[in-house]
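Inspection log for the structure reproduced underneath, given as structure tokens.
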Amino acid sequence: MEKATSILPPHIKLSHSLIDLPRVGLGTFKLAGSEVTSSVSRALEIGYRHIDTAVIYKNEELISSALKQHGIAREEVFITSKISPYQQGAERARAAALEILQRLDSSYVDLLLIHWPGASKTKTTDPANAKLRLESWRVLEELYEQGKLKAIGVSNYEESHLKELASHAKIMPMVNQVEVHPQRPNTCLRQLCQDLGIAVVAYASLGCGHLLQNPIVLDVAQQTGKSPAQVLLRWGLQKGCAVIPKAANPGHLIAAGELLNWELPGDLEARLDGLENGTKYCWDPSGIA
Ligand SMILES: NC(=O)c1ccc[n+]([C@@H]2O[C@H](COP(=O)([O-])OP(=O)(O)OC[C@H]3O[C@@H](n4cnc5c(N)ncnc54)[C@H](OP(=O)(O)O)[C@@H]3O)[C@@H](O)[C@H]2O)c1
């Protein structure tokens, strides 16, 4: 697989899209109320230009307000949102996308993802999941062609879901957002994404905070003089992914430059690779038909 070089450019080029994906973004799952304003404004201050949200995070309006309050121009910030499992299918997905535009108070979304390959209230083994997610994909293709979505993609799609989509899509997804960290590097899936020209956005890079106390991570941090969070995020970047750490505490945010401009030496990257054990901190899409 292609290996990232030491100093990484701040953006990843997306296939079929005129916009580039900033390699480092702010995750916002569970950010609510004043936390949104403080984290977003701190993130902008230290150079972040990419914010990851979703309908189920219920904070799109707060993010839009925080951006306005800061005064940054809309086109300066790359916003990702995601339609939820309960919004799968043609009509619901279309309504969901238009509601996102309203909540973001914007004529476009930079990147809209299908959050999950399954549909709510549908058994994981039910073939209806495949029918509904393809209908949702058709809506994303249409809104992309209309310019309402600058880029489109998926999240939590496994190899089977991507291969199925590849055989039906008019426009291939530009991004797959999936759980990637040293305990779960998702190597085969990332290889398939690379082969299909799909950029990978890694979520839960810090293992939702759990990996920050891992003894190997602490040791690698000590040897590099970096923090455990820097080491884990840099590991994800060196695997070619974009990263979207979440921090309710603005003091936890690490400037993108401090992640892009140094290299985790090969032997220490290999020590982190050695943590692979399949641990998953978030939901598991592997059984979804
Ligand atoms: N597509 C999906 O299905 C999906 C699923 C999960 C997540 N995501 C996205 O990915 C983002 C990141 O994932 P995540 O929020 O699950 O977990 P994460 O980024 O792996 O970990 C977040 C945790 O790490 C802590 N933290 C962050 N930076 C730190 C630092 N420098 N030092 C010490 N602690 C630090 C945070 O603490 P504080 O909050 O207290 O600062 C928080 O507890 C989400 O916010 C969301 O945008 C997507």
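For the reader, a short list of remarks on this structure follows.
- Shape call, segment 87-221: gyration tensor on alpha carbons, a/c limit 1.5: prolate
- All Cα pairs of the chain, percent lying beyond 30 Å: 27 percent
- For Lys82, residues with placed amide H under 5 Å, excluding near neighbours: Ala54, Val55, Leu113
- Net dipole in debye of the chain [+1 Lys, Arg Cβ; -1 Asp, Glu Cβ; about Cα centre; nearest 20]: 380 debye
- Solvent-free Debye scattering, log10 I(q)/I(0), computed from the Cα coordinates of segment 11-154 at q = 0.10, 0.13, 0.14 Å⁻¹: -0.33, -0.56, -0.64
- With 0.36 nm allotted per residue and the present C-alpha distance subtracted, the Thr124-Ala32 stretch has 30.1 nm of extension available.
- Figure legend: label point modelled 7 angstrom from the Cα of Cys208 along Cα→Cβ; residues of segment 148-189 with amide N under 17 Å from it are 156, 178-185.
- Pairwise alpha-carbon distances in segment 171-289 exceed 23 Å for 27% of all pairs.
- A helix-only calculation puts the chain at -11500 deg cm²/dmol for mean residue ellipticity at 222 nm, using -39500 (n - 2.57) for each DSSP H run of at least four residues, averaged over all residues.
- Residue (of Ala248, Gly274, Leu259) at the positive-pole extreme of segment 240-289, dipole from beta-carbon charges: Ala248
- Dipole check for segment 159-242: with +1 at the C-beta of Lys and Arg, -1 at the C-beta of Asp and Glu, and the Cα centre as origin, the magnitude is about 140 Debye.
- Euclidean distance between Cα centres, segment 11-68 to segment 271-289, Å: 25 Å
- Linear extension gain, His70 paired with Ser107, 0.36 nm per residue minus alpha-carbon span: 11.4 nm
- Long-range amide H partners of Ala151 with built H, under 5 Å: Leu111, Leu112
- Net charge contributed by nearby residues that have their C-beta within less than 12 Å of Tyr144 (K/R +1, D/E -1): 0
- Look at the dipole of segment 108-196 built from charges on Cβ: of Asn186, Leu162, Thr122, the Cα furthest out on the positive end belongs to Thr122.
- Structure note, pairs Lys58/Lys170; Lys82/Lys246; Lys30/Lys150; Lys82/Lys131; Lys150/Lys239; Lys30/Lys280: Cα-Cα distances above 20 angstrom occur for Lys58/Lys170; Lys30/Lys150; Lys150/Lys239.
No value in this document is a laboratory result; all are computed from the given coordinates. Quick caveat: nothing in here was measured; it's all calculated off a predicted structure. Note that each Cβ is placed from the backbone with ideal geometry, even for glycine, and that neighbours are counted across all protein chains shown.
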